[in-house]
Amino acid sequence: MPLQFTRDHVTRFPAEVIVNPANRNLRPGEGISKAIFETAGTARMRAACEAIGGCQPGNAVITPGFDLPAKWVVHAVGPLWLGGFHGEEAQLTACYRRALALAAEKNAASIALPLLSTGAYSYPKEKSFRAALAVISEFLEKQEMDVYLSVFDPKAARPDPEDNAALLAAVSAQGRGLLDAPEAASPVEDELPSLEDMLSGMMGDEPEEAPASEPVGGFLARALELMKERNLDEKALCRRANMSRRHYVALKNGAEEPTRREALALCVGLGLTLEEARTLLTRTGHILSGRDRGDVIAAWCVARSWDIYRLNAALYAMGEEPLCFM
């Protein structure tokens, strides 16, 4: 069920389904499409597509993968970008949804997708990424599947311009002044305590050990208590933490506490506030640090109650390792 961002080509994934950014005639295109046809075996893939006949923008069809590592190929026809005033967003969203639905119909355990319509169809990469993220997040609410989203240019994963500017400022300031700018505040942010109150002892230059007065150990036991208090089950917690059930079980049955990154992912999955996350993280023997860019980005996102997918997109866009996946 995790979502992973990667720069790798979709043909290189051991996913059961890969997505081809197709044209309406389902003929071999350039770039990713050409590579998929050639790796699958051009003659057999063309014959399978010709038997279908075609596909309209906003829709998708499925064929066998033939010589590809993938068992199936979804041929998804995205829209041509015409400035955004001709229903392109609705067509692209429908295209992503249909691609995922076809994989679900085959009971696939995994799927790898590129950003659709961003090549010859000139759809802005950032807009295609946001559409993909919204659809995949919605899909994973109901479906268990490992999703790999191939994003060659990490900048495509940046937040919208206003959020991106605020995040860059927070990183430059090493987490200080994170929520001080009134022009960047939202109604939710107005209710948050000051940065000093929230990040006291967390985002400065302190060593990354828990304060002696805080309990160390028992992170998962406390996390499970919080899970029950929030009426979550372990399946929901794993999804919200972007963590595979197998990895979660290994953590639960292991003798060691989770790493800081694993623990932070679970804090996000629990929907904790920044102060609650800080308190729980001390049980792993760690604190977040303003000297760590990934920590600053994560803290900024947690303070805004961003879910794990948006948080990971921000980390990926800034060259930091996203949380979990294992």
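So if each residue of separation counts as 0.36 nm, and I subtract the Cα-Cα distance between Asp307 and Lys34, what length gain in nm does that give? Please report the intermediate quantities before stating the final value.
Numbers: separation 273, 0.36 × 273 = 98.28 nm, distance 3.54 nm.
That works out to 94.7 nm of additional length.
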Handout entry: All Cα pairs of segment 217-326, percent lying beyond 18 Å
Key = 43
Practice task
List the residues of segment 66-80 whose backbone N lies under 14 Å from a point placed 7 Å from the Cα of Ala47 along the Cα-to-Cβ direction.
Solution key: 66-67
Handout entry: Long pairs among Lys106/Lys235; Lys106/Lys127; Lys71/Lys142; Lys106/Lys155; Lys71/Lys127, criterion Cα-Cα beyond 25 Å
Key = Lys106/Lys127; Lys106/Lys155; Lys71/Lys127
Exercise for the section: Give me the angle, in degrees from 0 to 90, between the Cα long axis of helix 260-270 and the longest principal axis of the Cα atoms of the chain, rounded to the nearest 10. Expected result: 80
Handout entry: Estimated distance in nm for a label pair at Lys235 and Lys155, the labels positioned 7 Å out from Cα along Cα-to-Cβ
Key = 4.2
Completion exercise
For the chain (alpha-carbon point model, no solvent) the Debye-based log₁₀ I(q)/I(0) at q = 0.12 Å⁻¹ works out to -0.85
Practice task
In whole angstrom, note down how far apart the Cα centers of segment 251-313 and segment 10-26 are.
Solution key: 34
Practice task
May I ask for log10 I(q)/I(0) of segment 62-116 at q = 0.14, 0.24, 0.31 Å⁻¹, from a Debye sum over the Cα atoms as equal point scatterers with solvent left out?
Solution key: -0.42, -0.93, -1.29
Practice task
Distance from a point 7 Å along Cα→Cβ of Glu89 to each backbone N in segment 123-141: keep the residues under 12 Å and list them by number.
Solution key: 127-128, 130-131
Exercise for the section: Among Thr42, Thr11, Thr282, determine the one that fluctuates most according to a GNM of the chain built with springs between C-alpha atoms less than 10 Å apart. Expected result: Thr42
Exercise for the section: Given the options Arg246, Arg283, Arg130, state which has the largest fluctuation in a GNM of the chain using a 10 Å cut-off (strictly under) for Cα springs. Expected result: Arg246
Fill in the blank from the handout: Sorted by chain and then number, the residues having a modelled amide H within less than 5 Å of the amide H of Asn59, at least 5 places away or on another chain, are Val77
Fill in the blank from the handout: If unit charges are put on Cβ atoms (+1 for Lys and Arg, -1 for Asp and Glu) and the dipole of the chain is taken about its Cα centre, the option from Gly65, Ala15, Tyr316 lying farthest towards the positive end turns out to be Gly65
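For the pair Ala165 and Asn107, what calculated FRET efficiency results from E = 1/(1 + (r/R0)^6), where r is the Cβ-Cβ distance and R0 = 30 Å, to the nearest 0.05?
On the way: r = 43 Å, r/R0 = 1.44.
Computed FRET efficiency for Asn107 and Ala165 comes out at 0.10.
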Completion exercise
Semi-axes (Å, rounded, descending) of the ellipsoid equivalent to segment 3-156 per its C-alpha gyration tensor are 21, 18, 15
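Pairs of Cα atoms under 8 Å, at least six residues apart: use those to get the relative contact order of segment 58-99, whole percent. Write out the running numbers ahead of the final one.
Details: 60 pairs, mean separation 19.4, N = 42.
Here the relative contact order equals 46 percent.
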Exercise for the section: Determine, for Trp300, Trp81, the number of other Cβ atoms within 10 Å of each Cβ, and report the residues in order from fewest to most. Expected result: Trp81, Trp300
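Every read-out reported here was derived from the displayed coordinates using simple, explicitly stated rules and does not represent laboratory data. The structure presented is a predicted model; accordingly, all values stated were derived computationally and were not measured. Please note: Cβ atoms are built from the backbone with ideal geometry, for glycine as well, and neighbour counts cover all protein chains shown.
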